[in-house]
Amino acid sequence: MEKNKLLELVSEMSLEEKAMQMTQLVPDMLYHLAPANLTGPLRQWHFTHGQLRCAGSVLGKSGAAYLKKLQDDYLKDARLPIPLLFMADVIHGYETILPIPLAQSCTFDPELVEENAAAVAREAAAAGLHVTFSPMADLVRDPRWGRVMEACGEDPWLNGQMAAATVRGYQGNDPGKKGKIAACVKHFAAYGQPEGGRDYNTVDMSRGVLRDFYLPAYREAVRAGAAMVMTSFNTVERVPATCNRWLLDGILRKEWGFQGVVISDYTAAEELMNHSVAADVPEAGEKCIHAGLDIEMMSGIYAASLAELLEQGRISEQEIDMCVMRILELKNRLGLFENPWKDADEELEKRLCGCKEHLELARKLARESMVLLKNDNVLPLSTDTPIGLAGPFSNTGGIFGEWSYLGNREKTRTLQEALTEEYGTRLVTAMTDTFCRENSDSALETPPEPEEFPEKSKPADAEALSDRKILPCGESHSVEETRLRKPDVPDFVEEALNRFRHCGLCIVAAGEPEWETGEAASKTDLRLSPNQEKLIRALHNAGKKVVLLLFSGRPLDIAPILDAADAVLQVWFPGSAGADAVTDILTGKYNPSGRLSMSFPRNTGQIPVYYNCYNTGRPVLDPENRFTSHYLDCPNSPLFPFGYGLSYTTFSCRNLKVSEDHSTASVLVENTGNRSGETVVQLYLRDVSASVVRPLKELKGFRRIALEAGDAVEVSFRITADMLSFYNEAEQWDWEPGEFDIMIGLDSEHVECQRVWFQP
Ligand code: BGC
């Protein structure tokens, strides 16, 4: 549709229609619920039936047949021919579930991530969706925060590469094309750094840190063309992101030139009152409008306040029209005015969702994402004696992690099934299902169901919290107490040891429950549950070789159990093809190549621990000196650093050479082992002295390469001014002449380094 036509449409809309165009609801509200039946946070807004009928977008439902009917019914009733937008949280897969985003980032393989995102878009588009609330570009350093599973780790460059690849995969060069959907990058900004890792908690950091570390990945997603941006729940410089004019209008729109739609997070607009920056609903609405928030999700403040605000002259009609116009432009970009169903197609949906081709892509992604953390000559499996398999993730399809949209756990192949295909009766199992159920230690255990609104519950205040039976702080048990109170399992361990009496080696599929990851899943204790630790220790003490498979949405605290495992494979939550991907690695059909995108802590007290930190005024140069920046009881270094990961072969990386004009740096990488494999060559830079402090190392490039045994290749990187730049005190992106360290290696701790002088 021509822009003029869109403008005409806007001019024909009533104020109520505009306010509702700027309001996102759940479909049930439009459809089935009379206002009297509304529950939860929306009840207070008293939507009229007429208002509900002209909401501009809905979230959380999909399915070609359902959405086609919803669109038809909606348009039949609509006064103006403006179709509905359908959005949902398709975070790591629609029906074919991919490994969680944190795992995806460990592939260091943006092309494969893009290819998989394109498959996700094909499924979601056929199921009638128009927009996905993904990618999440929040930089993370604190694994206590449950949402690190949705993030791409601690490095801004890697984060940016992954966010951009995901956007390209979903949208291609035009989200309106068949099989494409629009991307909504979130949560703008800095949601990944809540104090203490507690979800929704205060975020506070200097502007330089915000710009250097936290903003770049959102910017890359915007550069890749993301059609939408979602604001975060947190404050940025003491102003909630959802009404932060400096952030939304200043940085996002003016500085980065973003022209798409900005949406709030779920009820975030209403939460301005809890944040104490709005005294009432109209003030919240006024602040959001001034900041340029186009759509507010699920709190109804625009519907409730725009008329009054306009009448009082607190906002202008032009501000409203700009928001509405951006929403209509997105609908137009998606081709909805001509084809309101877009790609919704029951037959295609059936054919594509969970198809073999998508599953195969997901398997490739899953195996590239798994990180071999330790291997004392036990992997790949080469034993011809019986193999034991135990642990809560042995025989379950529940290996998706949170936000696994339509993934069907019942239909998903389990590790036990995949390994049985390989090893037949040589596979001996114990403490799989039983272990889960009897000890409330289960991966299968379901989380408490939300009671409020159909889609999800969003408690807005303390009263809502107490409804959900969350213990007041004073009554909760300390972590150690909770650990000790867990039931003992000697009988189970005895039984397992007995069943495994002929096994020289046991695989333990351990980890954290799926529902302990994702939103509202912060934890202060990142150890495996006591029962799992006991099992691992008992097998080790009985002289078995132990292969520990770690299913988790975050780096766990595995130091207490590391010595008892002969091999550790971090498999994350690997998705629909996860069991096959794990089996590919255990059997050696695939040589592990994943690299950590987030450091593993030595204990929770050490968090946050991340590689790209500052030097401080008192770095540890002399271990005898007490007055340096360190802990008395723990080294500063992580258990496993960023960029780390083993392979079944070995690689060397040497002969760092920097060209005379300093525009390229290269190394010789050799496969020094006896099987082919892939590794990730990593380029780091350090600005040795600058006008503001600079990190000890910053990733500026990486290359995934495959080498046959004995082969070597020279890998070179171009070094650009952009790589040397940072935000200086004047908030300018620039570089300063002087000394820089150029480092290349195969993880962030082991690098070759050359110091050079850069001048203009
Ligand atoms: C989450 C978002 C999500 C939204 C819609 C919020 O609670 O923070 O990431 O996209 O809900 O479901």
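The values are calculated or read from the model by the stated rules, or taken from the named source; none is laboratory data. Note that the structure is predicted; figures quoted are calculated from it, not measured. Using ideal geometry, Cβ is built from the backbone for each residue, glycine included, and neighbour counts are taken over all protein chains shown. For the accessible areas, the whole protein counts, side chains as well, though only heavy atoms, and no ligand, DNA or RNA atoms are used. Shrake-Rupley method; radii C 1.70, N 1.55, O 1.52, S 1.80 Å.
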- Query: With respect to the cross-link table entries 180/331; 342/411; 18/68; 186/356, which display a Cα-Cα separation exceeding 20 Å?
  - Reply: 342/411; 18/68; 186/356
- Item | Cα-centred dipole magnitude for the chain, charges only on beta-carbon of K, R (+1) and D, E (-1), debye, nearest 20 | 1020
- FRET efficiency (residue 422, residue 346; Cβ distance; R0 35 Å; to 0.05) is 0.40
- When ligands, DNA and RNA are left out and all protein chains stay put, how many square angstrom of accessible area per residue does segment 608-760 have with a 1.4 Å probe? 51
- Query: Given 0.36 nm per residue, what is the gain on full extension from residue 749 to residue 655 after removing their alpha carbon distance, in nm?
  - Reply: 32.1 nm
- Using a Förster distance of 25 Å, how high is the FRET efficiency between residue 620 and residue 255, based on the Cβ-Cβ distance and rounded to 0.05? 0.05
- Item | More than 16 angstrom apart: percent of Cα pairs within segment 200-288 | 54
- Those residues of segment 499-516 whose amide nitrogen sits under 19 Å from the label point placed on residue 377, 7 Å along Cα→Cβ: 504-506
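If the only charges are +1 at each Lys and Arg Cβ and -1 at each Asp and Glu Cβ, what is the size of the charge dipole of segment 639-760 around the Cα centre, to the nearest 20 debye? Don't skip to the end; give the middle numbers.
Details: 11 positive and 19 negative charges, 72 e Å.
So the magnitude is around 340 debye.
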- Note on the structure: Share of accessible surface on carbon and sulfur in the chain, whole %, 1.4 Å probe and ligands ignored, is 48
- Item | Label-zone membership for segment 638-679, site residue 708, 7 angstrom Cα→C-beta point, backbone N under 16 Å | 670-678
- Work from the charge dipole of segment 530-572 (Cβ charges, +1 for Lys and Arg, -1 for Asp and Glu, about the Cα centre) and give the residue of 562, 535, 572 farthest towards its positive end. 535
- Solvent-accessible area per residue for segment 515-573 at a 1.4 Å probe radius, Å²? 25
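Assuming 0.36 nm per residue, please report the length gained on full extension of the stretch residue 204 to residue 15 beyond their Cα-Cα distance.
Values: separation 189, 0.36 × 189 = 68.04 nm, distance 3.72 nm.
Gain on stretching residue 204 to residue 15: 64.3 nm.
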- Task: Distance between Cα centroids, segment 84-150 to segment 396-420: provide it in whole Å.
- Result: 17
- Answer with one residue from 232, 272, 222: the one whose Cα lies farthest towards the positive end of the charge dipole of segment 208-276, charges on Cβ with Lys, Arg +1 and Asp, Glu -1. 222
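Restrict the search to segment 230-292; then list the trypsin sites (Lys or Arg not before Pro) that DSSP places in a loop and that have at most 12 other Cβ atoms within 10 Å of their Cβ. Mind dumping the intermediate values first?
Working: sites: 238, 245, 253, 254, 287; in loops: 238.
Within segment 230-292, the qualifying trypsin sites (Lys or Arg not before Pro) (loop, at most 12 other Cβ atoms within 10 Å) are 238.
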- Message: Could you compute the longest span of the chain free of chymotrypsin sites (Phe, Trp or Tyr not before Pro) located in DSSP loops and having at most 13 other Cβ atoms within 10 Å, not counting the site residues?
- Response: 1-613
- Label-point separation (nm) for residue 75 and residue 177, each offset 7 Å from Cα along Cα-to-Cβ? 2.4
- Task: Could you pull out which residues in segment 395-436 have an amide N less than 19 Å from a spot 7 Å beyond the Cα of residue 355, following the Cα-Cβ vector?
- Result: 406-408
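Given R₀ = 35 Å, FRET efficiency for residue 691-residue 559 by Cβ-Cβ distance, to 0.05?
After rounding to 0.05, the efficiency reads 0.35.
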- Per DSSP, the loop-located trypsin sites (Lys or Arg not before Pro) within segment 524-626 having at most 16 other beta carbons within 10 Å are 589, 626
- Cross-link partners among lysines for residue 534, C-alpha distance below 26 Å, same-chain residues fewer than 8 apart left out? 374, 486, 523, 544, 545
- Would you kindly state the longest site-free stretch of the chain, with sites defined as GluC sites (Glu not before Pro) in a DSSP loop (not H, G, I, E, B) surrounded by at most 14 other Cβ atoms within 10 Å? 3-337
- Note on the structure: Taking a crude spin-label model, label points 7 Å out from Cα along the C-beta direction, the residue 408 to residue 49 distance in nm is 3.8
- With a point put 7 Å past each Cα toward its Cβ, work out how far residue 520 is from residue 672 in nm, to one decimal. 5.2
- If eta is 0.890 mPa s and T is 25 °C, what Stokes-Einstein diffusion coefficient results for the chain, Kirkwood Rh from Cα pairs, in µm²/s? 90
